[in-house]
Ligand SMILES: [Zn+2]
């Protein structure tokens, strides 16, 4: 009896101990999941010209942050100029409203600042923005910094990363996967502190941000259905690289750049392989998944020299010395008549030659298949070469790589109308580095019924989705 009650007492003590530990864990877990609102972003807005053109309605007030005093500016359109001695505010009639040391702060009066919007008329990537605006001098110019919560910020980012219309064709889960990647990338950029005065810029350097002007229903839905979701690996935010199409095989960071990250893999991706190995219905092959490039042997020398390599002389041969298991090039060797050999490694084998991806093969011998455009006896000929997309057009003294819908003006010297050129023919797959999520692969997976968790766990294996707030 005595033994039994002692046993029970001990059991109860253990039970209470376990209960307390459990409660503590639960509380700690809930604290990390539900405690915070979205963090605030500070986004540097790119403008054309040296002044900032701003409009706001009666829902805002402008405060001089130097002394906290409001400027008493009525709603309307203003021009803000850096005079060297401060920020001058001019009204629509160009009448000065004063020069202020600043920074100035356009403050939304509503308790839901993301529900209001103001305009920056000379912004490059957008025109209308949610939240608040800080206006500060930057060198001899002026900078507007949009202060906006992360979720509202992403509403102006996501439509610039993936076509919102995909949501109408079975791609909602792809948009949601992109939303989680974009949210993680925004926080990752924020932690890098690549800018002073703001966390991220609104150009490709960080993430293109168009503000309220570019929001769409599909991307807003993708964001609200994944609110707060970010990608972590062992509790640390990942670098969620993504690209247009991987051509059928994912890639590791060390095979493109250097240094490995534990949440990427190099495996076949049947949902982004142009040959559609799974025989999926309504399979989407990305427009640029299969490509061919002709590089004139003469232009190779220029490409190498422009990229800081020794001039190998007239190029005789280019060949792939080694590849990775994915098929992406590890080393491309270029041999010239001067005897010099140039080795292009990893990503350089793609970027130096201006190719769409590192996943390609080369025909050993140069082929006579370059397209020449010239003029006769000083007469200018202008033609459209949409069918020659990706080819090189060569004039009397110019050479140019053709893009879709582009026209090329060739000014000949009158002595020749066509110049035969030899070129190396390169055939490749994919567009981009191949690391992390393929957007086209995500689209096919979404259309085949995968949810955004399944899509993300394929492209970022080992990473888990956590709810940041
Ligand atoms: Zn940036």
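Of the listed requirements (1) outside the structural domain of residue 451 (by TED's automatic domain parsing); (2) modelled with pLDDT under 95; (3) more than 16 Å from the ligand (Cβ to nearest atom), residue 235 misses just one: (1).
If you go through the stretch 116-131 and keep only what is over 12 Å from residue 45 (Cα atoms) and touching a helix residue (DSSP H, G or I) at 6+ places or on another chain (Cβ under 8 Å), you end up with 117, 130, 131.
Mind telling me which of the residues 113, 108, 163 ends up being more than 16 Å from the ligand (Cβ to nearest atom), farther than 22 Å from residue 64 by Cα and out of contact with any helix residue (DSSP H, G or I) (no Cβ under 7 Å at 6 or more places or on another chain)?
Numbers: 113 fails: farther than 22 Å from residue 64 by Cα; 108 fails: farther than 22 Å from residue 64 by Cα.
None of the other options fit; the residue is 163.
I need a count of the residues in the stretch 334-351 that are touching a strand residue (DSSP E or B) at 6+ places or on another chain (Cβ under 7 Å) and surrounded by fewer than 16 Cβ atoms within 10 Å (Cβ to Cβ). Number of matching residues: 4.
Among residues of the stretch 188-197 being touching a residue at least 12 places away in the same chain (Cβ under 8 Å) and more than 10 Å from the ligand (Cβ to nearest atom), the one that is nearest to residue 225 (Cα to Cα) is 188.
With the structure loaded, tell me whether residue 185 is within 14 Å of the ligand (Cβ to nearest atom), under 21 Å from residue 467 (Cα atoms) and crowded, with 23+ Cβ neighbours inside 10 Å or whether it fails that test. Here the answer is yes, as residue 185 does meet what is asked. Where strands (runs of 3 or more DSSP E) sit wholly within the stretch 401-469, those with at least 1 residues that are at pLDDT 95 or above and over 19 Å from residue 243 (Cα atoms) occupy 464-467. Looking at residue 157, is it within 16 Å of the ligand (Cβ to nearest atom), surrounded by fewer than 24 Cβ atoms within 10 Å (Cβ to Cβ) and in the same structural domain as residue 82 (by TED's automatic domain parsing)? No.
Does residue 179 count as crowded, with 19+ Cβ neighbours inside 10 Å and either under 19 Å from residue 36 (Cβ atoms) or within 16 Å of the ligand (Cβ to nearest atom) (or both)?
Working: crowded, with 19+ Cβ neighbours inside 10 Å: yes; either under 19 Å from residue 36 (Cβ atoms) or within 16 Å of the ligand (Cβ to nearest atom) (or both): yes.
Yes: the conditions hold for residue 179.
Taking the numbered list (1) out of contact with any strand residue (DSSP E or B) (no Cβ under 7 Å at 6 or more places or on another chain); (2) surrounded by fewer than 24 Cβ atoms within 10 Å (Cβ to Cβ) in turn, residue 206 passes all entries but (1).
Against the condition in contact (Cβ under 8 Å) with a residue 60 or more places away in the chain and closer than 30 Å to residue 463 by Cα, how does residue 280 come out, does it pass? Break it down stepwise before answering.
Values: in contact (Cβ under 8 Å) with a residue 60 or more places away in the chain: yes; closer than 30 Å to residue 463 by Cα: yes.
Considered against the rule, which asks whether it is in contact (Cβ under 8 Å) with a residue 60 or more places away in the chain and closer than 30 Å to residue 463 by Cα, residue 280 comes out as yes.
Only a single criterion out of (1) farther than 19 Å from residue 38 by Cα; (2) modelled with pLDDT under 95; (3) within 14 Å of the chain's Cα centre (by Cα) is not satisfied by residue 189, namely (1). Scanning the stretch 198-210 for residues that are within 12 Å of the ligand (Cβ to nearest atom) and in contact (Cβ under 8 Å) with a residue 12 or more places away in the chain yields 198, 199, 200, 201, 202, 203, 206, 207, 208, 209. With respect to (1) crowded, with 24+ Cβ neighbours inside 10 Å; (2) within 16 Å of the chain's Cα centre (by Cα); (3) more than 12 Å from the ligand (Cβ to nearest atom), the lone exception for residue 146 is condition (2). Residue 143: touching a helix residue (DSSP H, G or I) at 6+ places or on another chain (Cβ under 8 Å) and either at pLDDT 95 or above or in the same structural domain as residue 59 (by TED's automatic domain parsing) (or both), yes or no? No, not satisfied. Can you tell me which of 258, 266 is part of a loop (DSSP other than H, G, I, E, B) and exposed (fewer than 13 other Cβ atoms within 10 Å of the Cβ)? Just one listed residue meets the conditions, 258.
The values are calculated or read from the model by the stated rules, or taken from the named source; none is laboratory data. Note that this is a predicted model, so its numbers are computed, not measured. All Cβ positions, glycine included, derive from the backbone under ideal geometry; neighbour counts span all protein chains shown.
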